[in-house]
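> Below you will find the structure I want to go over with you.
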Amino acid sequence: MEENNITPGEEKRAASTDSGSLSFVEQFVKEDLEAGKNGGRLQTRFPPEPNGYIHIGHAKAICMDFGAAEKFGGTCNLRFDDTNPTKENTEYVENIMSDIKWLGFHWENVYYASDYFEKLWDFAVWLIKKGLAYVDEQTSEQIAQQKGTPTQAGVASPFRDRPIEENLRLFLHMNTPEAVEGSMVLRAKLDMANPNMHFRDPIIYRIIQIPHHRTGTKWHCYPMYDFAHGQSDYFEGVTHSICTLEFVPHRPLYDKFVDLLREYVKEKKANGDDMSSFNADVIDEKYDGTRQIEFNRLNLTYTVMSKRKLKALVDEGLVNGWDDPRMPTVCGMRRRGYSSHSIRNFINSIGYTKFDALNDYALLEASVRDDLNKKACRVSAVLDPVKLVITNYPEDKTEEMLAVNNPENEADGTHTIAFGRELWIERDDFMEVAEKKFQRLAPGKEVRLKNAYIIKCDEEHPCDKDAEGRVTTIYATYDPETRSGMPGADRKIKGKTLHWVSCSHCLEAEVRLYDRLFSIENPGADERDFRELLNPDSLKVLKHCYVEDYLKQKQAGDFLQFQRIGYFTPDLDSTPDHLVFNKTVGLKDTWRK
């Protein structure tokens, strides 16, 4: 592993930053602005590769890239690093843009690395002419072997000193339909003995004979990420490149390529060429260059953040798409019922440091639970139903009971729920032979029905059972003087308050209960195949649940609390004729128990 090039000052600053102040990243930005760097201008960017859907780890970068720009009055652009057409497509582009908007952020401009393919090509040609790049016809395995180790110098390629004219001819051939993938690459001629392995003549162009999602078949030779990334920042005038810690060893190469680009621009300007599209109009006077700042990645227990592994889960049908509610993708969390505010609060709570850590998934769920408590509409749903008959209630009578939508927010108002002689209640809320501490429905015991009456279970004939001994119907009587809101409603009883729905005024629904995607805490660090570590109980589907008919009008993205059960949201599959709800999170953290 290469040395983490963090200065003592950076480390001290990162360690001393507390959650109530600016993060160390924001402190660097603040200092640069106060020093007047880049003319007092702040410009960040979020640069995803459109080769998959973004996950909560990307959301952490989004919150900093866009958040810092908002906090200090700067701008943040969205730039797609689309330099590898084998993995990229417009579906990913569109989804990334949708997820950023859902998180509550707005970009100033949208750019693509492919916007700069012509400029990058011309720059690469200049490097060849200056003797700073050459075409290598070795295999990738040979090149890797010759690079050496961090403590042992690399061996020069036999093609390192081939004539400039031949390099130019071969480079032009690389960008033709006849060029064979893997037959040759363009490498920068830097330093094969440099302790930073990235400097050992890095590959900067390779042949890819696959149409690009934006440029079609115009190009057959594409720049590598390390070659395109810093130059794209330069073309756009980015002042702060905020990225994760794995880019620390890339930083010197980033700076090296930008320095060479500056020389190229300076030379071209001296020759009278128009270089305004290269940001040359501000380079000398206002642009001090890009400052790269690295922070720790976001890692969560019981999941993986590798886009390669997440894509494999999707492609192999181990999950139901990128937006499967078990996935750590932003769209998956959205479909599960997480609020964008809860995700941002969670990211803010764990902060930004220079030290990698594994964050407990329970912390994210606590943030979701806290936010939804303020937003979710309280409704009744019975997931494991058993029939309750109130024997002294009129058979032909129906009452409308008033239900408060959210006790945390009076402005959310109320709705009504129908009450009648026959109700559905949870099977767990009844015991024929009850333990002493059992405070729900049992022979001779009283409970209150939420928003309705106090009822008492019949002692002589509490229930009916089927041939297998399973309870099918429970019998009780009600006290008509104890309706919620009436003077007798405050009568004290030992039993709990139970939720219910009317058998005649409810809707059948499918409910999907989600749990941890993986069965072990840190699957990313386990040597076994990650597929072997999947939690077989990560999804349970309940087919015959009942919900109050008020839920028919709810749509995907609405926040609901199924009283006494947890937080839920309608799924994208839900229709008025087939209601489907996803469990977002329980009312309490029961995982550790």
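The values are calculated or read from the model by the stated rules, or taken from the named source; none is laboratory data. This one's a predicted model, so the numbers in the text were calculated from it and none came from an experiment. Don't worry about glycine lacking a Cβ; one is built from the backbone with ideal geometry, like all the others, and counts go over all protein chains shown. The accessibility values were calculated without ligands, DNA or RNA, using every heavy atom of the protein model including side chains. Shrake-Rupley method; radii C 1.70, N 1.55, O 1.52, S 1.80 Å.
> Looking only at the range 555-585, how many residues end up being in contact (Cβ under 8 Å) with a residue 60 or more places away in the chain and either open to solvent by less than 50 Å² (accessible area, probe 1.4 Å) or part of a strand (DSSP E or B) (or both)?
Pass one, the range 555-585, residues in contact (Cβ under 8 Å) with a residue 60 or more places away in the chain: 556-565, 567-569, 571-572, 578-585.
In the following step, the residues that additionally are either open to solvent by less than 50 Å² (accessible area, probe 1.4 Å) or part of a strand (DSSP E or B) (or both) were identified as 557, 560-563, 565, 567-569, 571, 578-585.
Residues that pass the stated criteria total 18.
> Tell me whether the range 153-173 contains one or more residues that are surrounded by fewer than 19 Cβ atoms within 10 Å (Cβ to Cβ), within 24 Å of residue 46 (Cα to Cα) and over 29 Å from the mean Cα position of the chain (by Cα). Break it down stepwise before answering.
Here is the first cut: in the range 153-173, the ones surrounded by fewer than 19 Cβ atoms within 10 Å (Cβ to Cβ) are 153, 155-156, 158-166, 168-169, 172-173.
Filter again for within 24 Å of residue 46 (Cα to Cα), leaving none.
Within the range 153-173, none of the residues are surrounded by fewer than 19 Cβ atoms within 10 Å (Cβ to Cβ), within 24 Å of residue 46 (Cα to Cα) and over 29 Å from the mean Cα position of the chain (by Cα).
> List the residue pairs whose Cβ atoms are under 7 Å apart, where the first residue sits in the range 459-476 and is closer than 19 Å to residue 421 by Cα and polar (S, T, N, Q), the second is open to solvent by less than 90 Å² (accessible area, probe 1.4 Å) and not in a loop (DSSP other than H, G, I, E, B), and the two are 6 or more positions apart or on different chains.
Hits for this filter: 472/387; 472/464; 473/387; 473/389; 473/463; 473/464.
> Right, next: When you go through (1) over 28 Å from the mean Cα position of the chain (by Cα); (2) touching a residue at least 40 places away in the same chain (Cβ under 8 Å) one by one for residue 240, which number turns out not to apply?
(1)
> How do the strands (runs of 3 or more DSSP E) wholly within the range 371-455 filter down when requiring 3 or more residues that are in contact with a Cys (Cβ under 9 Å, 6 or more places away or on another chain), open to solvent by 70 Å² or more (accessible area, probe 1.4 Å) and touching a residue at least 60 places away in the same chain (Cβ under 8 Å): which remain?
Working: elements: 377-379, 385-390, 399-404, 414-419, 422-426, 446-449.
Per the criteria, no element qualifies.
> Turning to a different aspect of this structure: Name the single residue that is farthest from residue 123 (Cα to Cα) among those in the range 135-172 being β-branched (Val, Ile, Thr) and not in a loop (DSSP other than H, G, I, E, B).
From the range 135-172, those β-branched (Val, Ile, Thr) are 135, 139, 143, 149, 151, 155, 164; that's our starting set.
Retained after the next criterion (residues that are not in a loop (DSSP other than H, G, I, E, B)): 135, 143, 149, 164.
Values: 135: 15, 143: 23, 149: 29, 164: 15 Å.
Among those residues, the one meeting the criterion is 149.
> From the set of residues in the range 183-228 that are among the small types (Gly, Ala, Ser) and either assigned to a strand (DSSP E or B) or crowded, with 16+ Cβ neighbours inside 10 Å (or both), which is nearest to the chain's Cα centre (by Cα)?
Step one: list which residues in the range 183-228 are among the small types (Gly, Ala, Ser), which gives 183, 188, 193, 216, 228.
Narrowing the set further to residues that are either assigned to a strand (DSSP E or B) or crowded, with 16+ Cβ neighbours inside 10 Å (or both) leaves 188, 216, 228.
On the way: 188: 36, 216: 30, 228: 25 Å.
Residue satisfying both the conditions and the ranking: 228.
> Would you say residue 354 is at pLDDT below 95 and crowded, with 17+ Cβ neighbours inside 10 Å?
Values: at pLDDT below 95: yes; crowded, with 17+ Cβ neighbours inside 10 Å: yes.
For residue 354, the condition - at pLDDT below 95 and crowded, with 17+ Cβ neighbours inside 10 Å - is met.
> Checking the conditions here, which among 115, 99 is crowded, with 21+ Cβ neighbours inside 10 Å, charged (D, E, K, R) and in a helix (DSSP H, G or I)?
Values: 115 fails: crowded, with 21+ Cβ neighbours inside 10 Å.
Testing whether each residue is crowded, with 21+ Cβ neighbours inside 10 Å, charged (D, E, K, R) and in a helix (DSSP H, G or I) leaves just 99.
> Now for a separate question. Any residue at all in the range 393-409 that is closer than 30 Å to residue 351 by Cβ and under 30 Å from the mean Cα position of the chain (by Cα)? Break it down stepwise before answering.
Looking only at the range 393-409, we keep the residues that are closer than 30 Å to residue 351 by Cβ, and these are 408-409.
From what's left, under 30 Å from the mean Cα position of the chain (by Cα): 408-409.
Within the range 393-409, one or more residues are closer than 30 Å to residue 351 by Cβ and under 30 Å from the mean Cα position of the chain (by Cα).
> Would you check if there is a residue in the range 332-342 being outside any loop (DSSP other than H, G, I, E, B), open to solvent by 20 Å² or more (accessible area, probe 1.4 Å) and farther than 28 Å from residue 407 by Cβ?
At the first step, the residues of the range 332-342 found to be outside any loop (DSSP other than H, G, I, E, B) are 332-336, 340-342.
Going one step further and asking which of them are open to solvent by 20 Å² or more (accessible area, probe 1.4 Å), we end up with 334-335, 340-341.
Narrowing the set further to residues that are farther than 28 Å from residue 407 by Cβ leaves none.
There is no residue in the range 332-342 that is outside any loop (DSSP other than H, G, I, E, B), open to solvent by 20 Å² or more (accessible area, probe 1.4 Å) and farther than 28 Å from residue 407 by Cβ.
> Further question: Does residue 297 satisfy the condition of being in contact with a Ser or Thr (Cβ under 7 Å, 6 or more places away or on another chain), open to solvent by 60 Å² or more (accessible area, probe 1.4 Å) and under 30 Å from residue 513 (Cβ atoms)?
Working: in contact with a Ser or Thr (Cβ under 7 Å, 6 or more places away or on another chain): yes; open to solvent by 60 Å² or more (accessible area, probe 1.4 Å): yes; under 30 Å from residue 513 (Cβ atoms): yes.
For residue 297, the condition - in contact with a Ser or Thr (Cβ under 7 Å, 6 or more places away or on another chain), open to solvent by 60 Å² or more (accessible area, probe 1.4 Å) and under 30 Å from residue 513 (Cβ atoms) - is met.
> Now for a different question. Can you pull out the residues in the range 482-523 that are touching a residue at least 60 places away in the same chain (Cβ under 8 Å), crowded, with 18+ Cβ neighbours inside 10 Å and polar (S, T, N, Q)?
Result: 502, single match.
> In the range 465-481, what residues are at pLDDT below 95 and open to solvent by less than 20 Å² (accessible area, probe 1.4 Å)?
Result: no residue meets the conditions.
> Here's something else I'd like to know. Does any residue of the range 376-386 turn out to be closer than 27 Å to residue 61 by Cα and touching a Lys or Arg at 6+ places or on another chain (Cβ under 8 Å)? Talk me through it step by step, then tell me what you get.
Residues of the range 376-386 closer than 27 Å to residue 61 by Cα: none.
Within the range 376-386, not a single residue is closer than 27 Å to residue 61 by Cα and touching a Lys or Arg at 6+ places or on another chain (Cβ under 8 Å).
> I need a count of the residues in the range 535-549 that are assigned to a strand (DSSP E or B) and open to solvent by less than 70 Å² (accessible area, probe 1.4 Å). It would help to see each step written out before you state the result.
Start the filter on the range 535-549 by keeping residues that are assigned to a strand (DSSP E or B), which leaves 539-548.
This time we only want the ones that are open to solvent by less than 70 Å² (accessible area, probe 1.4 Å), so: 539, 541-542, 545-548.
Looking only at that region, the number is 7.
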